[in-house]
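Please treat every number below as a calculation from the coordinates, not as lab data. Quick caveat: nothing in here was measured; it's all calculated off a predicted structure. Please note: Cβ atoms are built from the backbone with ideal geometry, for glycine as well, and neighbour counts cover all protein chains shown.
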Amino acid sequence: MNEGLSNNFEGKQEHIPSLEEVRAIFEQFLKGKEYEEIRRKEDEQGLYLWDIRIPDEEGNIEYSYMRKGRYTEGQASTTAIHVIFFDKEGLPVGGHSVAKYVNNEWGFTP
């Protein structure tokens, strides 16, 4: 009997990014610009939603982090950060994914 040996077939638990980890990713996109927090939500596992806004002359830019899962505010199949662009009237004019958290690592999307 091999007591004490780990089971190589056990699934590796996914790390949940902390507020500080998400802030560090946001800061890479902010490049020193000031931002305002729109909303931030946490549950028993930690941060699951964080939206920030950067005022811009042409409108606003928002970054939105959502942890993989289903929540009152929506659902996500992958932990990711998206950017959304708004015109001067506040209407969304575009957006895309900028970073995804896969296999416990952040990857940036072009």
If you plug each phi of the range 71-84 into the Karplus form 6.51 cos²θ - 1.76 cosθ + 1.60 with θ = phi - 60°, what whole-Hz ³J(HN,Hα) values come out, in order, with x for Gly and Pro? 9, 4, 7, x, 9, 9, 8, 9, 5, 7, 10, 10, 10, 10
If Lys and Arg each add +1 and Asp and Glu each add -1, what is the summed charge of the other residues whose beta carbon sits under 11 Å from the beta carbon of Ala76? +3
Please list the radius of gyration and Dmax for the range 19-108, considering alpha-carbon atoms only, with Å as the unit. 13.0, 39
What angle, in degrees between 0 and 90 and rounded to the nearest 10, separates the Cα long axis of helix 19-30 from the longest principal axis of the Cα atoms of the chain? 40 degrees
If you take every residue apart from Arg53 with its C-beta less than 9 Å away from the C-beta of Arg53, what net charge results, scoring Lys and Arg +1 and Asp and Glu -1? -4
Here the net charge surrounding Lys33, from other residues whose Cβ is less than 13 Å away from its Cβ (Lys, Arg +1; Asp, Glu -1), is -4
